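Trainee: My structure is below; once you've seen it, I'll send some questions.
The values are calculated or read from the model by the stated rules, or taken from the named source; none is laboratory data. Nothing here was measured: the structure is a model prediction, and the numbers come from that model. Please note: Cβ atoms are built from the backbone with ideal geometry, for glycine as well, and neighbour counts cover all protein chains shown.
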Amino acid sequence: MARSLNHLWSCTMKDALVIGGGPAGAACALWLHQLGMATMLIEGGAAIGGLQQRSPYMNRWIPGLVGKTGQEVARQLHMHLRQEQVECLLNYHVVSVRRRHAAAPWEVSNGSDVHRARYIVIATGTRPRTGGFAESECVGIGPGTSIEKIPVQGKRMAVLGGGDAAFEQAEFALRRGARCVDLYCRRAPRARPALRQRLQGLAAHVHAGPFHADQKTMRVNDQQYDVFSVQYGYEACIPVYLELPRKDGYLEVDQSGAIPGVPGLFAAGSVTNFLHPCVTTAAAHGIQVAKVIENQHCQHGAQAARSADRPQQLHPLGFLAVSGI
Ligand SMILES: Cc1cc2nc3c(=O)[nH]c(=O)nc-3n(C[C@H](O)[C@H](O)[C@H](O)COP(=O)(O)OP(=O)(O)OC[C@H]3O[C@@H](n4cnc5c(N)ncnc54)[C@H](O)[C@@H]3O)c2cc1C
């Protein structure tokens, strides 16, 4: 990003800005809004829902919600925010989150205009690792729509990776009529035993050990394939100009979702180092962060009211000084 950030236009001042409209950000913004805070949800894509938009599969993992695909879950999230009139800014890809000095509001920018707030929640989630491959008509990256849109009937497929998604995708491809599926993993497969068992007796072979896959020739070692399914897991999406401590590539937060040592800055969902990311845990994390922010906001409001009650005097150098602090 070669552009300087010094020419930015100012837009809004809110109590809280939530960056990322996946389950974590959507839940956080919904709760902040309903708790009475001036909130805006900022999403880089054209719709709310995050990774669920990539899932045409039935989501059987949200307690109490049955018969919905991931894409339907995403649409429900979007509808819910709209119905509750939570302010959403779509197609706004945040590149920087910064503050001029410790007492100034946070500034969030896409490189051309700025939104300000006292509290920022980073809920920018994850994206599938590419491993240097590029999505094409015969290469799918990550689970879901990227691979599902490629016809596999009668084709030979190589699945690269050895985790749950690799084994699940191998099974889905065989169910869609793939002629054979070879799984390549550099180490012993890490997928759950139940997923590995489901492949037994199907036209799938697992190769554990070093391999070389070439997208140009569509070969893995000396074998030719029609389709590659790249299942190398996920990596955190973090705005490019945000320098914060990370743990294994994820934003490190404390128990309350706060970024330690950076007042007003929080993170929620799968961009953080929290345990087992899924829709329910991401949403729960977003809600916990919303409650922590609301508490801080109330305390700050009470403090400000106490200060306003005290007599104020002008500092000899012209600053407004509040007595009694
Ligand atoms: C195919 C597939 C199937 C799945 N199936 C299930 C399932 O059945 N059950 C289940 O519980 N989980 C499932 N998951 C996992 C689940 O979708 C994720 O755990 C969950 O979406 C994480 O939520 P999140 O809000 O933390 O992040 P995300 O969903 O990743 O959302 C992050 C959002 O932030 C936005 N963003 C990123 N960077 C920026 C930026 N710089 N500026 C503005 N916006 C930005 C992104 O566009 C995205 O909308 C599935 C995932 C996939 C891919």
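Trainee: Scan segment 195-214 and give yes if some residue there is touching a helix residue (DSSP H, G or I) at 6+ places or on another chain (Cβ under 9 Å), among the acidic types (D, E) and within 16 Å of Q231 (Cα to Cα), otherwise no.
Mentor: No, segment 195-214 has no match at all.
Trainee: In segment 262-280, what residues are at positive phi and at pLDDT 90 or above?
Mentor: Across segment 262-280, the qualifying residues are G264, G269.
Trainee: Does segment 140-149 hold any residues that are part of a loop (DSSP other than H, G, I, E, B) and in contact with a strand residue (DSSP E or B) (Cβ under 6 Å, 6 or more places away or on another chain), and which are they?
Mentor: Answer for segment 140-149, where residues must be part of a loop (DSSP other than H, G, I, E, B) and in contact with a strand residue (DSSP E or B) (Cβ under 6 Å, 6 or more places away or on another chain): just G142.
Trainee: Out of segment 28-54, which residues are of a type outside the set (S, T, N, Q), under 28 Å from I147 (Cβ atoms) and out of contact with any Ser or Thr (no Cβ under 6 Å at 6 or more places or on another chain)? Steps first, answer last, please.
Mentor: From segment 28-54, those of a type outside the set (S, T, N, Q) are 28-33, 35-38, 40-51, 54; that's our starting set.
Subsequent filtering for residues that are under 28 Å from I147 (Cβ atoms) retains 43-51, 54.
Answer for segment 28-54, where residues must be of a type outside the set (S, T, N, Q), under 28 Å from I147 (Cβ atoms) and out of contact with any Ser or Thr (no Cβ under 6 Å at 6 or more places or on another chain): E43, G44, G45, A46, A47, I48, G49, G50, L51.
Trainee: Can you name the number of the only condition in (1) assigned to a loop (DSSP other than H, G, I, E, B); (2) surrounded by fewer than 18 Cβ atoms within 10 Å (Cβ to Cβ); (3) within 14 Å of the ligand (Cβ to nearest atom) that Y92 fails?
Mentor: All conditions are met except number (2).
Rundown of residues vs (1) assigned by TED's automatic domain parsing to the domain that holds G154; (2) at pLDDT 95 or above; (3) not in a loop (DSSP other than H, G, I, E, B), yes/no style:
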{"position": "G177", "(1), (2), (3)": "yes, yes, no"}
{"position": "V181", "(1), (2), (3)": "yes, yes, yes"}
{"position": "Y184", "(1), (2), (3)": "yes, yes, yes"}
{"position": "P189", "(1), (2), (3)": "yes, no, no"}
{"position": "R196", "(1), (2), (3)": "yes, no, yes"}
{"position": "G201", "(1), (2), (3)": "yes, no, no"}
{"position": "P210", "(1), (2), (3)": "yes, yes, no"}
{"position": "T217", "(1), (2), (3)": "yes, yes, no"}
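Trainee: Under the condition of being surrounded by 15 or more Cβ atoms within 10 Å (Cβ to Cβ) and either free of Cβ contacts under 8 Å to residues at least 40 places away in the same chain or assigned to a loop (DSSP other than H, G, I, E, B) (or both), which residue from segment 279-306 is nearest to the ligand (Cβ to nearest atom)?
Mentor: Out of the qualifying residues, it is T281.
Trainee: Among the listed residues F167, F228, identify the single one that is in a helix (DSSP H, G or I), crowded, with 17+ Cβ neighbours inside 10 Å and modelled with pLDDT of 95 or more. Break it down stepwise before answering.
Mentor: Values: F228 fails: in a helix (DSSP H, G or I).
Step by step, each of F167, F228 is checked, and only F167 is in a helix (DSSP H, G or I), crowded, with 17+ Cβ neighbours inside 10 Å and modelled with pLDDT of 95 or more.
Trainee: Filter segment 32-52 down to the residues that are buried (at least 22 other Cβ atoms within 10 Å of the Cβ) and touching a residue at least 60 places away in the same chain (Cβ under 8 Å) and list them by number.
Mentor: L32, M40, I42, G50, L51, Q52 - these are the residues of segment 32-52 that are buried (at least 22 other Cβ atoms within 10 Å of the Cβ) and touching a residue at least 60 places away in the same chain (Cβ under 8 Å).
Trainee: Evaluate the following for D182: is it among the acidic types (D, E), within 14 Å of the ligand (Cβ to nearest atom) and surrounded by 17 or more Cβ atoms within 10 Å (Cβ to Cβ)?
Mentor: no
Trainee: Looking only at segment 150-164, filter to residues that are away from the ligand (no atom under 15 Å from the Cβ) and in a strand (DSSP E or B); which one of those is farthest from S55 (Cα to Cα)?
Mentor: R156
Trainee: Taking the options F172, F211, name whichever one is within 14 Å of the ligand (Cβ to nearest atom) and among the aromatic types (F, W, Y).
Mentor: Numbers: F211 fails: within 14 Å of the ligand (Cβ to nearest atom).
The unique qualifying residue is F172.
Trainee: A follow-up question, please. Under 9 Å by Cβ, and 6 or more places apart or on different chains, what pairs join a residue from segment 246-273 that is without any contact (Cβ under 8 Å) to a residue 12 or more places away in the chain with one that is within 16 Å of the ligand (Cβ to nearest atom)?
Mentor: Once the first residue is without any contact (Cβ under 8 Å) to a residue 12 or more places away in the chain and sits in segment 246-273, its partners that are within 16 Å of the ligand (Cβ to nearest atom) give R246/A236; R246/I238; R246/E252; R246/N273; Q255/Q288.
Trainee: Scan segment 44-64 for residues that are polar (S, T, N, Q), within 7 Å of the ligand (Cβ to nearest atom) and not in a loop (DSSP other than H, G, I, E, B) and report the count.
Mentor: 1
Trainee: Another question, if that's okay. Return the only residue of A117, A103, A134 being assigned to a strand (DSSP E or B), small (G, A, S) and away from the ligand (no atom under 11 Å from the Cβ).
Mentor: Checking each option against the conditions leaves just A117.
Trainee: Out of all the residues in segment 100-141, which are surrounded by fewer than 17 Cβ atoms within 10 Å (Cβ to Cβ) and either free of Cβ contacts under 8 Å to residues at least 60 places away in the same chain or on the phi > 0 side of the Ramachandran plot (or both)?
Mentor: Listed by number, the residues that qualify are R100, H101, A103, A104, G131, G132, E135, E137.
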